[in-house]
Amino acid sequence: MAKHKKKTSEPTPEPEDSKIESAESKPEETPEIEPEETPVIPPTEPAVNTAANTEKDQKLNKLFWLRVSLAIIAGTAATFIFEDIEGEERRWASIGFMIIIFAGTIVIAKGMKMQLPSSDRKKIVTQGIGSYIFLYLFIWIVTYTLVHAGTASSGINI
């Protein structure tokens, strides 16, 4: 915040003096403003060149698309792999399959040898996790519905 110098001025003139002063108007003093000093904060992370930064982004992008494609493949495969299991066990087996495939992508990501700063280490796990889960479940439900639509009594015949 800027600091202003206090203006030292003469006391307020009497009403009779105002007519005299209007003729000889004095320029007002402008307050001096001290320049704002911004504190210099040293960087907490070492400077990373842009080539390494883009390589990191490329690897994270590759990991994201790997998880998206595996979600589509695994969601479709879950429909056929767990065909013989009935009821509630089918659901839990498919969710377990989804978790195992995701754990496999974590192993693959660690094999990519991404140079991430310590604050971004959790990105190996969190990169694309929402897309993976929802896409897996969506594809699993859609393929299951399409495969079993003709067998249901009130379903759509394809």
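The values are calculated or read from the model by the stated rules, or taken from the named source; none is laboratory data. This structure is a prediction, so every number in the text was calculated from the model and none was measured. Don't worry about glycine lacking a Cβ; one is built from the backbone with ideal geometry, like all the others, and counts go over all protein chains shown.
Condition first: among the polar types (S, T, N, Q), in a helix (DSSP H, G or I) and farther than 17 Å from residue 60 by Cα. Can you find one or more residues in the stretch 71-80 that meet it?
Yes; the residues of the stretch 71-80 include at least one that is among the polar types (S, T, N, Q), in a helix (DSSP H, G or I) and farther than 17 Å from residue 60 by Cα.
Which of the residues spanning the stretch 110-133 are under 19 Å from the mean Cα position of the chain (by Cα), of a type in the set (A, V, I, L, M, F, W, C) and in a loop (DSSP other than H, G, I, E, B)?
Listed by number, the residues that qualify are 114, 116.
What do you reckon, is residue 80 touching a Gly at 6+ places or on another chain (Cβ under 7 Å) and closer than 30 Å to residue 147 by Cβ?
Spelling it out, it is not the case that residue 80 is touching a Gly at 6+ places or on another chain (Cβ under 7 Å) and closer than 30 Å to residue 147 by Cβ.
Here's the yes/no breakdown for (1) at pLDDT below 90; (2) assigned to a helix (DSSP H, G or I); (3) out of contact with any Pro (no Cβ under 6 Å at 6 or more places or on another chain); (4) more than 12 Å from residue 71 (Cβ to Cβ):
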{"site": "86", "(1), (2), (3), (4)": "yes, no, yes, yes"}
{"site": "93", "(1), (2), (3), (4)": "no, yes, yes, yes"}
{"site": "101", "(1), (2), (3), (4)": "no, yes, yes, no"}
{"site": "108", "(1), (2), (3), (4)": "no, yes, yes, yes"}
{"site": "135", "(1), (2), (3), (4)": "no, yes, yes, no"}
{"site": "142", "(1), (2), (3), (4)": "no, yes, yes, yes"}
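When you go through 113, 123 one by one, which is the residue that is loosely packed, with under 10 Cβ neighbours inside 10 Å, within 28 Å of residue 60 (Cβ to Cβ), modelled with pLDDT under 90 and not hydrophobic (A, V, I, L, M, F, W, C)?
113
Check 27, 13 and return the single one that is surrounded by 10 or more Cβ atoms within 10 Å (Cβ to Cβ) and at pLDDT below 65.
13
Which one of 85, 141 is out of contact with any helix residue (DSSP H, G or I) (no Cβ under 6 Å at 6 or more places or on another chain) and β-branched (Val, Ile, Thr)?
141
If I ask for residues that are surrounded by 12 or more Cβ atoms within 10 Å (Cβ to Cβ) and either touching a residue at least 40 places away in the same chain (Cβ under 8 Å) or farther than 27 Å from residue 79 by Cβ (or both), which ones from the stretch 99-110 would you list?
Listed by number, the residues that qualify are 105, 108, 109.
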